[in-house]
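These notes concern the structure reproduced below.
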Amino acid sequence: MALRVKAVERLLKFTNNENDPGVYRYVMKPEMYSTLTQAKVIKEAALRSGVSQGVMKACWDAAGEVIKAWATEGHSVALPGLGNMRFGLRSKAVENVNDVKAGLISSRRIIFTPSVDLKDELAATAIVISCYDRTGKEVKRVTSTSGEIEEPENSPL
């Protein structure tokens, strides 16, 4: 299995100046696969574990509720084989303690910390890069046979 990446030639402008012609560069991004439905994941997990889909769905739903409840109470919750997730936030800082209030919070977010095993698996996964020019024509394909990354040109030894 390999991760698929697209490198698409895009016009990049670094200023808001109308006279800036910009430059074309190949911009890479992961190619998005289809979203797997919960039903498909439950079916596959049931098949791999040998339990019925009904039991797997009940466990899946219960685990989701427990993770949600504990994470919203402030716990970092383990996700089997993946890592940990917790809720976090972004907020403004204030000098005076009397100015601290909930209105300083600008966003709430989910923070995921992958496990070492998951990081290692991702690092070892091969990558296929498909390069497309500005007209949408595929002009090159690069395939790594492992997770190894080529040495950048002019890199110090």
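The figures follow:
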{"item": "Estimated distance in nm for a label pair at Trp60 and Leu89, the labels positioned 7 Å out from Cα along Cα-to-Cβ", "result": "3.3 nm"}
{"item": "Coil-residue trypsin sites (Lys or Arg not before Pro) of region 75-111, DSSP, other Cβ within 10 Å capped at 16", "result": "Lys92, Lys101"}
{"item": "Sites excluded, chymotrypsin sites (Phe, Trp or Tyr not before Pro) in DSSP loops with at most 12 other C-beta within 10 Å, longest stretch of the chain", "result": "34-157"}
{"item": "Surface accessible to a 1.4 Å probe, per residue, for the residues of the chain, Å²", "result": "82 Å²"}
{"item": "Cα-based reach from Lys13 at 21 Å (exclusive), listing lysines while leaving out same-chain residues under 8 positions away", "result": "Lys29"}
{"item": "Distance in nm between pseudo-label sites at Val116 and Ser49 (7 Å out along the Cβ direction from Cα)", "result": "2.7 nm"}
{"item": "Gyration tensor (alpha-carbon) shape descriptor, region 43-113, a/c threshold 1.5", "result": "prolate"}
{"item": "Residue range of the chain that is longest and free of GluC sites (Glu not before Pro) which are both DSSP loop and sparsely packed (at most 13 other C-beta within 10 Å)", "result": "96-147"}
{"item": "Coil-residue trypsin sites (Lys or Arg not before Pro) of region 1-66, DSSP, other Cβ within 10 Å capped at 15", "result": "Lys13"}
{"item": "Value at 222 nm in deg cm²/dmol, rounded to 500, when DSSP H runs of n ≥ 4 in the chain each add -39,500 (n - 2.57)", "result": "-8500 deg cm²/dmol"}
{"item": "Environment charge at Ile105 (Cβ cut-off 14 Å; Lys +1, Arg +1, Asp -1, Glu -1)", "result": "+4"}
{"item": "At R0 = 30 Å, FRET efficiency that the Cβ-Cβ distance of Gln38 and Leu11 yields, to 0.05", "result": "0.15"}
{"item": "Listed residue pairs exceeding 28 Å between alpha carbons, taken from Lys40/Lys137; Lys43/Lys68; Lys6/Lys92", "result": "Lys40/Lys137; Lys6/Lys92"}
{"item": "For the chain: rounded, prolate or oblate by the Cα gyration tensor [a/c cutoff 1.5]", "result": "oblate"}
{"item": "The chain - share of DSSP beta bridges that are antiparallel (%, nearest 5)", "result": "80 percent"}
{"item": "Sulfur and carbon atoms: percent of accessible area, the chain [1.4 Å]", "result": "56 percent"}
{"item": "Rounded to the nearest 20 debye, dipole of the chain from Cβ charges on Lys, Arg, Asp, Glu", "result": "580 debye"}
{"item": "Computed E for Ala102/Leu82 - FRET, C-beta separation, R0 22 angstrom, nearest 0.05", "result": "0.10"}
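The values are calculated or read from the model by the stated rules, or taken from the named source; none is laboratory data. Computed from a predicted model, the values in this text were never measured in an experiment. FYI the Cβ positions are ideal-geometry reconstructions off the backbone, even for glycines, and counts take in every protein chain you see. Ligands, DNA and RNA are excluded from the accessible area calculation, which covers all protein heavy atoms including side chains. Shrake-Rupley method; radii C 1.70, N 1.55, O 1.52, S 1.80 Å.
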